[in-house]
Amino acid sequence: MDFTYPPEAEAFRKEFRAWLEGNLDPELAGRRSGLLDGGDDVVARLRAWNRTLADARYAAIAWPEEYGGRGASVMEQVVFAEEMSRAGAPGTLNPLGISNIAPAIMQWGTEEQKRTFLPSMLRGDDIWCQGFSEPNAGSDLASLRTRAVLDGDVFVVNGQKIWNTLGHLANWCELLVRTDPDVPKHKGISCLLVDMTLPGVEVRPLATITGEREFNEIF
Ligand SMILES: Cc1cc2nc3c(=O)[nH]c(=O)nc-3n(C[C@H](O)[C@H](O)[C@H](O)COP(=O)(O)OP(=O)(O)OC[C@H]3O[C@@H](n4cnc5c(N)ncnc54)[C@H](O)[C@@H]3O)c2cc1C
């Protein structure tokens, strides 16, 4: 097997390593998990770092260039991860948003949603979480019971989500809800982009056995 990286990936490594040496805040090096339980000052520093990454188009290198990415190849993404780890550099404030939520918005979102949500996610101005799992809907996600009923031109949502990474910091949530209970359970599910600051949204942090405070319940 040939483990040599392609020349373009090695060229990217050289460029990115030099950029990290010149731009990474030394106070942040090694603070990879600071986002999970850090105080406001840590989040503020990480937000500044997130903006630095975004300005240099290093916040979401796999995104297409039109959205502020680099259209990076898989090997460039591998190199990026290796160099971030080598430098002890923290990632962005939107690990879930950038890799999971944004691609769905790019594929299915309206132009307005793309224009509104993607830039603020990229820069870490908004923090996103995912509201998929429920106490009785994990691997079998199609069992989810959180209901959304259209009332005029708004959805009224009732239910509980669990294991929501970054829910305690997020101001937006990609929420899976049941909008049609009269069809087979793997159908009738819709995806809402929910403003977490709306009245009625309650976030309860969950501490794990290791003491980390990454997860939450959302009601
Ligand atoms: C690090 C981390 C971050 C997460 N972040 C989020 C998040 O941000 N948002 C969110 O919504 N969720 C999140 N989750 C939740 C995650 O998606 C669920 O944990 C996952 O879907 C599994 O569900 P569960 O924990 O209820 O386990 P279960 O579905 O209850 O599974 C428990 C065990 O039973 C096994 N099992 C399940 N069904 C079957 C079957 N039919 N046959 C045989 N074996 C089976 C599973 O393999 C597993 O070993 C996160 C989880 C982790 C670990």
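The values are calculated or read from the model by the stated rules, or taken from the named source; none is laboratory data. All of these numbers come straight from a predicted model, not from anything done at the bench. Counting neighbours? That spans all protein chains shown, and the Cβs are built from the backbone with ideal geometry, glycine included. Calculation scope for accessible area: heavy atoms of the full protein, side chains included, ligands and nucleic acids excluded. Shrake-Rupley method; radii C 1.70, N 1.55, O 1.52, S 1.80 Å.
Tabulated data for the structure shown
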quantity	calculated
HN-Hα J in Hz across region 115-124 - Karplus 6.51, -1.76, 1.60, θ = phi - 60°, x for Gly and Pro	5, 7, 8, 5, x, 6, 5, 4, 8, x
Tail weight of P(r) past 16 Å, computed on alpha-carbon pairs of region 127-218, percent	54
Check: region 127-218 dipole with +1 on Lys, Arg Cβ and -1 on Asp, Glu Cβ, in debye	200
Inverse mean reciprocal Cα-Cα distance (Kirkwood Rh) of region 106-171, Å	14.0
Angle between the chain longest axis and helix 7-23 axis [Cα atoms, degrees, rounded to 10]	90
Cut-off 12 Å, label 7 Å out along Cα→Cβ of residue 52, residues of region 65-90 by amide N	89-90
Value of Rg to Rh for region 38-165 (Rh from inverse mean 1/r over Cα pairs, i.e. Kirkwood)	1.02
Those trypsin sites (Lys or Arg not before Pro) in region 1-80 that DSSP places in a loop and that have at most 12 other beta carbons within 10 Å	none
Förster radius 41 Å - calculated FRET efficiency between residue 197 and residue 3, Cβ distance, rounded to 0.05	0.30
Residues of region 127-218: accessible area per residue with a 1.4 Å probe, Å²	56
Residues whose placed amide H lies under 5 Å from that of residue 206, excluding near-sequence neighbours	215, 216, 217
Rg/Rh for the chain, where both radii come from Cα atoms and Rh is the Kirkwood radius	1.01
Carbon plus sulfur fraction of accessible area for the chain, probe 1.4 Å, in percent	52
Distance between modelled label sites at residue 104 and residue 141, nm, 7 Å Cα→Cβ extension	0.7
Positive-pole candidate from 74, 94, 106, dipole of region 42-142, charges at beta carbon	94
Electrostatic dipole magnitude of the chain [Cβ: Lys, Arg +1; Asp, Glu -1; Cα centre; debye, to 20]	220
Mean residue ellipticity (222 nm) of the chain, computed from DSSP H runs ≥ 4 via -39,500 (n - 2.57), nearest 500	-10000 deg cm²/dmol
